[in-house]
Amino acid sequence: HLVLVDNGRSNIYQDDELLDTLRCIRCAACMNHCPVYTRVGGHTYGTTYPGPIGSILMPHLMGLEETKDLPTASSLCGACGE
């Protein structure tokens, strides 16, 4: 048996602005450079994926109402993308 779980990823795949989030391999390299994550840690995010990628990915998977504070947990320094 093979079970595929979408979790809303097909909706993200159709959005050109969000498509890059699906390319993340969850290596956690972004967390090593994120000033917000290094100060507050992963448990404060309260989601499966903490850190910079979780701030972007989880609101789309869980809904913005449940994760409304996550997108603001970023300094927009861009270190995670370098």
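Scanning segment 32-53 for residues that are over 11 Å from the mean Cα position of the chain (by Cα) and open to solvent by 30 Å² or more (accessible area, probe 1.4 Å) returns N32, H33, P35, V36, Y37, T38, R39, V40, H43, T44, G46.
Selection of helices (runs of 4 or more DSSP H) fully inside the chain by the criterion of at least 1 residues being touching a Gly at 6+ places or on another chain (Cβ under 6 Å) returns 29-33, 35-40, 51-62.
Counting the residues of segment 54-82 that are open to solvent by 20 Å² or more (accessible area, probe 1.4 Å), within 20 Å of I25 (Cα to Cα) and among the hydrophobic types (A, V, I, L, M, F, W, C) gives 5.
The values are calculated or read from the model by the stated rules, or taken from the named source; none is laboratory data. Remember, it's a predicted structure, so these values are computed and weren't measured experimentally. Every residue, glycine as well, gets a Cβ built from its backbone with ideal geometry; the counts of neighbours run over all protein chains shown. These accessible areas exclude ligands, DNA and RNA; they are computed on the full protein's heavy atoms, side chains included. Shrake-Rupley method; radii C 1.70, N 1.55, O 1.52, S 1.80 Å.
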